[in-house]
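Asker: Okay, handing you the structure first.
Where a number appears in this text, it was derived from the coordinates with a stated rule and is not lab data. Not measured: the values here are computed from a predicted model. Here the Cβ positions follow ideal geometry from the backbone for every residue, glycine too, while neighbour counts run over all protein chains shown.
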Amino acid sequence: VAWVDENSKFSGIISKAKERKTPMRVAVAGADVENILKGVFAAQEDGFVEPILIGNYKRIQSMMERIGLSDRKYDMQPVSDDTNVVQYAIEMIQHGAADCLMRGNTSTRDFLMPVLNKGNHLVRSDRLVTHVAFLKIPAYERLLAVSDVTLLINPSADGRKEVLKNMVRALRVFDVEHPNIAL
């Protein structure tokens, strides 16, 4: 867990995302999830995301209508239920049709298998794969970042060092130079 100093708020992450010249085309793999749809369309409203919805057309449309988002602009990529939506999204990125992969209605395993597949060339072989999640908790004045609460089961001491290095790298992207870190 990293506590980001009081001057760095979640708005700093939003500001950094808005610095892009063009909105990021986010491929949502399995886009029939209410909170994911609300989040990606909120980011679109803020001007830094173009949603690409991948999955079962009827389920996505039904969800969009139910939550009042069917009038929004988005790219729909309807695929059959037997299509691997994560692999489909990765191929969109590889062909220049999308910029970023986002997990929707897929299990952690089904999401990570194509990401970790060496043939997709998404991960560097010289680094440990980790993740960082940023949390904005209304009752807490600081931004929190947590890393590897689900990905690494039992990392070695060297593995934990890599987790910390990756977290610091991720925080630096958002101009956080000196996070307070707790294990």
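Asker: So if a site counts as exposed when it's one of the trypsin sites (Lys or Arg not before Pro), its DSSP state isn't H, G, I, E or B, and it has at most 12 other Cβ atoms within 10 Å, what's the longest stretch of the chain without one?
Answerer: The answer is 128-183.
Asker: Here's another thing I want to ask about it. Taking only Cα atoms, what is the 0 to 90° angle, nearest 10, from helix 34-45's long axis to the longest principal axis of the chain?
Answerer: 80 degrees
Asker: Distance check, please: which entries in K58/K118; K58/K136; K118/K165 exceed 31 angstrom between their Cα atoms?
Answerer: Check vs 31 Å cut-off fails for K58/K118; K58/K136.
Asker: Tell me which label goes with the value of Kirkwood radius over Cα pairs in Å computed from the coordinates here: (i) 16.9; (ii) 17.9; (iii) 16.4.
Answerer: Here the calculated entry is (ii).
Asker: Same structure, new question: Hey, what did the chain get for relative contact order, percent, Cα under 8 Å, at least 6 apart?
Answerer: It rounds to 30 percent for the chain.
Asker: Right, another one. Counting only GluC sites (Glu not before Pro) that are in a DSSP loop and have at most 12 other C-beta atoms within 10 Å, tell me the longest site-free stretch of the chain.
Answerer: That would be 20-140.
Asker: Relative to the first principal axis of the alpha-carbon coordinates of the chain, what is the inclination of helix 57-66, with its axis defined by its Cα atoms, in degrees from 0 to 90 and to the nearest 10?
Answerer: Computed tilt is about 80 degrees.
Asker: Just to confirm a number: summing +1 for Lys and Arg and -1 for Asp and Glu over residues other than V132 whose beta-carbon lies under 10 angstrom from that of V132, what do you get?
Answerer: Here the charged neighbours net out to 0.
Asker: A further question follows. Working from Cα positions, state the angle (0 to 90°, nearest 10) between the long axis of helix 157-173 and the longest principal axis of the chain.
Answerer: 70 degrees
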